[in-house]
Amino acid sequence: APGQGARAVECRADAQGLVADVRAALDDEHTRTAVAAERAVLATLEAGCAAPVGALGEVAEGDHGEELWLRAVALSPDGAVAIRRSASGSPADAEKLGRTLAEEMLGEGADTLVQEAAG
């Protein structure tokens, strides 16, 4: 599922100093950006983690600096029908890019595929 490859760390509420130290040591800006875009796809499609939906974001060097490349797919439960889209944009607009890509997929019927899988 989109965003599942990222790690999260939980700390006690009374360990806020530790939280900041751990976050600073482990945070990777490119991973955070990619996961934000991937999760925006999932949320816009209103798909759960078991839905046949995939998304992959990657920050890479483009012609004019860093770009976020995003690919997504929604499948029918049997895999016979697939709606695939891709887009690229500024890493600063990760969530917007994910929403826009998913909205295009919805326009092509991705919601029907997600609903078939859910029910």
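The values are calculated or read from the model by the stated rules, or taken from the named source; none is laboratory data. Predicted, not measured: the structure shown is a model, and the values here were computed from it. No Cβ is skipped: glycine too gets one built from the backbone with ideal geometry, and neighbour counts run over all protein chains shown. When the accessible area is computed, the model is the full protein with side chains, heavy atoms only, and any ligands, DNA or RNA have been set aside. Shrake-Rupley method; radii C 1.70, N 1.55, O 1.52, S 1.80 Å.
Per residue, how much accessible area does the chain show when a 1.4 Å probe rolls over the protein heavy atoms, in square angstrom? If you can, show how the numbers build up before the last one.
On the way: 7520 Å² over 119 residues.
That works out to 63 Å² per residue.
Based on DSSP, what percent of beta bridges with both residues in the chain are antiparallel, to the nearest 5?
Values: 18 of 18 bridges.
Antiparallel bridges make up about 100 percent of those DSSP assigns within the chain.
Taking springs between alpha-carbon atoms closer than 10 angstrom, which of 106, 70, 42 fluctuates most in the Gaussian network model of the chain?
Largest GNM mean-square fluctuation: 106.
In nm, to one decimal, how far is the residue 28 label point from the residue 108 one, both placed 7 Å along Cα→Cβ?
So the label points at residue 28 and residue 108 sit 2.8 nm apart.
Once the principal axes of the Cα atoms of the chain are found, what is the range along each, listed largest first in whole angstroms?
49, 39, 18
Sort largest first and round to whole Å: the equivalent ellipsoid semi-axes of segment 1-67, each the square root of five times a Cα gyration tensor eigenvalue. Provide the component values of the computation, followed by the final result.
Details: eigenvalues 130, 78, 13 Å².
Equivalent ellipsoid semi-axes, largest first: 26, 20, 8 Å.
Along the charge dipole of the chain, Cβ charges K/R +1 and D/E -1, which of 48, 83, 72 sits furthest on the positive end?
My answer, from the dipole projection, is 48.
Can you give the charge dipole size of the chain about its Cα centre, rounded to the nearest 20 debye, using +1 on the beta carbon of Lys and Arg and -1 on the beta carbon of Asp and Glu?
Working: 10 positive and 21 negative charges, 52 e Å.
My answer is approximately 260 debye.
How many nm is it between the label spots at residue 56 and residue 95, if each spot is 7 Å from the Cα in line with the beta carbon?
Reported label-point gap for residue 56 and residue 95 is 2.6 nm.
Tell me, what HN-Hα J-couplings in whole Hz come from the Karplus equation 6.51 cos²θ - 1.76 cosθ + 1.60 at θ = phi - 60° for each residue of segment 34-44, using x for Gly and Pro?
Along segment 34-44, the couplings run 4, 5, 4, 5, 4, 5, 5, 4, 4, 5, 5 Hz.
In nm, give the distance between the simple-model label positions of residue 115 and residue 19, each being 7 Å from the Cα along the Cα-to-Cβ direction.
Placing both labels 7 Å beyond Cα along the Cβ direction yields 4.0 nm.
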